Amino acid sequence: MVPSDTLTITDNRTNRTYTLPIEDGTIRSMDLRQIRTSNDDFGIMAYDPAFTNTASCRSSVTFIDGERGILEYRGYPIEVLAEHCTFLEVAYLLLFGELPNEAELNTWIYEITHHSMLHESTRKFMEGFRYDAHPMSMLVSTVAALSAVYPQAKDVQNPANRLHQVKRLIGKMPTIAAMSYRHGVGFPYVYPDNDLSYTENFMNMLWRMVEPKYAANPVLARALDILFILHADHEQNCSTNAMRSVGSSLADPYLCVAAAAAALAGPLHGGANEQVLKMLDEIGSKENIPAYVRRVKEGHGKLMGFGHRVYKNYDPRAKIIKWTAEQVFRVTGRNPKLDIALELENIALQDDYFVSRKLYPNVDFYSGIIYQAMGFKPEMFTVLFAIPRTVGWLAQWQEMLTDTEQKIARPRQIYTGHRTRRFLPMQERETAGVVKK
Ligand code: SDX
């Protein structure tokens, strides 16, 4: 009797059948290698460009149900965490698996707060960038440069050392982000103020001018905290895959986070929020939306901030961000781009082109509108994504390093190039008709 949780495959090339175990809804790709036509045949591989149907790991950090629009961190629904927690509280949850008690949270806040300062050599490093350097380029480079400031971070097999670097990275990301902003506007850097909360201190380093003590608007500080919670982790997204892949070679966490932030910078990933604002600027008014949508449907560009590899329903984060936007606009005044965004969403959600492709607003569609209303320039939006996502990257990195099933990531390929060619001496090449691609 064949066990029920198995897959029976018949190789019609040999008429042989194989029975593979099904575990957690998956088959092990390596179980396919036994399917061969001869003893010197390499065996069957799975081919999955962009990993659209490949589980790369086991993880207990974040759960997403794309069909039902569900997002949970360590089992807690994102809506509950956004309503009741601070960002550092959620950071603790993601990294340690449980919500902290009051003593644990106070210790955690103290430790992160006391790792917010940057070494002066790092400040000088940042001063070397051109005045118009993109803040995301500055952030990626500066995080990588911290690898030189903390060489002991290379001992990634030491749990206490890993945790020390985790605290440093979480503490320093807002400082690096704020400095990349101040560099761009030509203002002097503002050093951390340990009396302030994580988000208030970030606002202090961004916006304090000559006042002796920065007083953050509590509504904006809370809105930023919620936005940080929403962006903290999202299971095996592109940048987390980069974090895990680079981390699998045992590179230090600064180099891993720099690689992950580099992936996040892409316009199809974390760079989308900046592209959404450029798209709304290009549309310009509600009257222009139908023509813009028509061009997208004809294949000219994408509706930035729409669509998702996993969510085939509304991104639960977008709903919370829309609510947060209303709170922010009560303080900053309404961003007129919100009206264009709402009308664009309304039109798209009734258009079969988008509905049939299950393209709904994602986390990036509304976040940029809030950030702009807060006073951030679009170039800063992905930096604002990278700060909280550093927690998710580090939680996933820790999980990868302690997973006994994991080892250095090294995918296979289907080779499509030439084989064993005769070498062409120079005098033969011009007449060989080699076409330069
Ligand atoms: C993030 O993975 C994560 O979790 C990411 C993230 C996180 O928290 O880490 O959630 C953050 O990156 C959100 C996504 C931000 N990116 C954008 O908003 C950019 C615009 N969106 C698309 O580029 C796209 O939707 C992706 C990249 C998000 C998802 O791409 P997929 O899953 O590879 O889907 P696809 O490109 O195969 O698209 C399927 C179809 C295609 O049409 P057909 O070829 O079938 O005719 O839908 C079309 C696509 O052309 N399509 C879009 C579209 N997104 C997909 N058409 C118009 N506008 C869009 N936005």
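The values are calculated or read from the model by the stated rules, or taken from the named source; none is laboratory data. Keep in mind the model is a prediction, meaning the values are calculated, not measured. With ideal geometry, Cβ positions are generated from the backbone for all residues, glycine too; neighbour counts draw on all protein chains shown. The accessibility values were calculated without ligands, DNA or RNA, using every heavy atom of the protein model including side chains. Shrake-Rupley method; radii C 1.70, N 1.55, O 1.52, S 1.80 Å.
Here are the numbers for this structure:
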| read-out | value |
| --- | --- |
| The chain: calculated mean residue ellipticity at 222 nm from DSSP helix runs of at least 4, using -39500 (n - 2.57) | -15500 deg cm²/dmol |
| HN-Hα J in Hz across region 115-122 - Karplus 6.51, -1.76, 1.60, θ = phi - 60°, x for Gly and Pro | 10, 8, 6, 9, 4, 4, 5, 6 |
| Dipole in debye (nearest 20) - region 66-401, about Cα centre, beta carbon charges: Lys, Arg +1; Asp, Glu -1 | 660 debye |
| Folded to 0 to 90 degrees: helix 272-283 orientation relative to the chain principal axis, Cα | 70 degrees |
| Loop-exposed chymotrypsin sites (Phe, Trp or Tyr not before Pro) per DSSP, neighbour cap 11 Cβ within 10 angstrom, longest uninterrupted part of the chain | 132-414 |
| Top of G392, G417, G266 by mean-square fluctuation, Gaussian network on the chain, Cα under 10 Å | G417 |
| Residue with peak Gaussian network fluctuation, the chain [Cα springs, cutoff 10 Å], from A148, A216, A259 | A148 |
| Acute angle (nearest 10 degrees) that the helix 316-332 long axis makes with the longest principal axis of the chain, alpha-carbon atoms | 20 degrees |
| Trypsin sites (Lys or Arg not before Pro) lying in DSSP loop within region 204-277, provided at most 14 other Cβ fall within 10 Å | K213 |
| Accessible area of the chain belonging to carbon and sulfur atoms, whole % at 1.4 Å probe | 54 percent |
| Qualifying lysines (Cα of each under 19 Å from Cα of K337; at least 8 residues distant if same chain) | K278, K286, K302, K319, K322, K377 |
| Qualifying aspartates and glutamates (Cα of each under 12 Å from Cα of K167; at least 8 residues distant if same chain) | E111 |
| Local electrostatic count at D364 - Lys and Arg +1, Asp and Glu -1, tallied over other residues with Cβ under 10 Å | -1 |
| Per-residue HN-Hα couplings for region 339-348 [Karplus 6.51, -1.76, 1.60; θ = phi - 60°; Hz; x = Gly/Pro] | 5, 5, 5, 5, 5, 5, 4, 4, 5, 5 |
| Relative contact order computed over the chain (Cα-Cα under 8 Å; 6+ residues apart), in percent | 18 percent |
| Using alpha-carbon coordinates, inclination of helix 87-96 to the longest axis of the chain, degrees | 30 degrees |
| In Hz, Karplus ³J(HN,Hα) per residue of region 59-64 (6.51, -1.76, 1.60; θ = phi - 60°; x = Gly, Pro) | 9, 10, 7, 10, 10, 10 |
| Pairwise centroid distance, computed over Cα atoms, of region 327-377 with region 234-286, Å | 20 Å |
| Candidates G247, G66, G375, ranked by Gaussian network fluctuation over the chain, Cα under 10 Å, top entry | G375 |
| Amide H within-cut-off set for I70, under 5 Å, with H built and near neighbours excluded | D65 |
| Solvent-accessible area per residue for the chain (1.4 angstrom probe, square angstrom) | 51 Å² |
| Filtered trypsin sites (Lys or Arg not before Pro), region 363-428: DSSP coil and at most 13 other beta carbons within 10 Å | K407, R412, R419, R421, R422 |
| Global geometry of region 6-47, whether rounded, prolate or oblate, following the gyration tensor of its Cα atoms and the 1.5 cut on a/c | oblate |
